[in-house]
Amino acid sequence: MRYLAIDLGDVRTGIASGDDVLRLATPVKVIEASGDALWRALDAAVTEHGPDAIVIGLPLHMDGRESPRSAAVRAFGAAAGARWSLPVHFQDERLTSFDADQRMARSGRTHAQKKAIRDALAACALLEDFLASR
């Protein structure tokens, strides 16, 4: 089964793809858009990668409780599932940005270069966690 992971943000949204056969996730891109422009970019990613399901990062507090943003992410997930007629899974996204930062720590990239790919790497970590839990 192929998955497209979405690390939804207010300004930047990270995308990663992967499958449950190899259990590998690959960062795809970072979308710097919101509203209709974000949906159009996500439509293109779904068309390009042809996932069987969507995995969306669910923002939780460190103690596991849902955050105030969780409701908005769940609503986004419901809209995404209806829009693409695909099952949507939510995955705890705690520490995925930290994981992305650790992956880039000694990469030699500038701050701007790291910022440009951080959210895609966070989506990748999110999908890796999801695949490992299945």
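On inspection, A33 passes the criterion of being within 16 Å of the chain's Cα centre (by Cα), modelled with pLDDT of 90 or more and not aromatic (F, W, Y). Checked across the range 94-112, the condition of being crowded, with 18+ Cβ neighbours inside 10 Å, at pLDDT 85 or above and either of a type in the set (G, A, S) or in contact with a strand residue (DSSP E or B) (Cβ under 8 Å, 6 or more places away or on another chain) (or both) holds for no residue. Scanning the range 16-37 for residues that are of a type in the set (A, V, I, L, M, F, W, C) and either more than 17 Å from F130 (Cβ to Cβ) or touching an Asp or Glu at 6+ places or on another chain (Cβ under 9 Å) (or both) returns A16, L24, A25, V28, V30, I31, A33, A37. With respect to (1) among the basic types (K, R); (2) over 21 Å from E128 (Cα atoms); (3) part of a strand (DSSP E or B), the lone exception for R40 is condition (3).
Only one entry of V46, V73, V55 meets the criterion of being assigned to a helix (DSSP H, G or I), modelled with pLDDT of 85 or more, aliphatic (A, V, I, L, M) and within 19 Å of L131 (Cα to Cα), and that entry is V46.
Residues that are among the acidic types (D, E) and surrounded by 15 or more Cβ atoms within 10 Å (Cβ to Cβ) were ranked within the range 1-40; the one that is farthest from Q91 (Cα to Cα) is D19.
Among the residues of the range 58-69, write down those that are under 23 Å from S133 (Cβ atoms) and either charged (D, E, K, R) or over 14 Å from the mean Cα position of the chain (by Cα) (or both).
Residues satisfying the conditions are L60, H61, M62, D63, G64, R65, E66, S67, R69.
Any idea which of L24, L8, L4 is of a type outside the set (K, R) and at pLDDT below 90? After ruling out the rest, the residue left standing is L24.
The values are calculated or read from the model by the stated rules, or taken from the named source; none is laboratory data. Treat the numbers as computed from the prediction; the structure is a model and nothing was measured. Quick reminder, even Gly has a Cβ in these numbers, built from the backbone with ideal geometry, and neighbours come from all protein chains shown.
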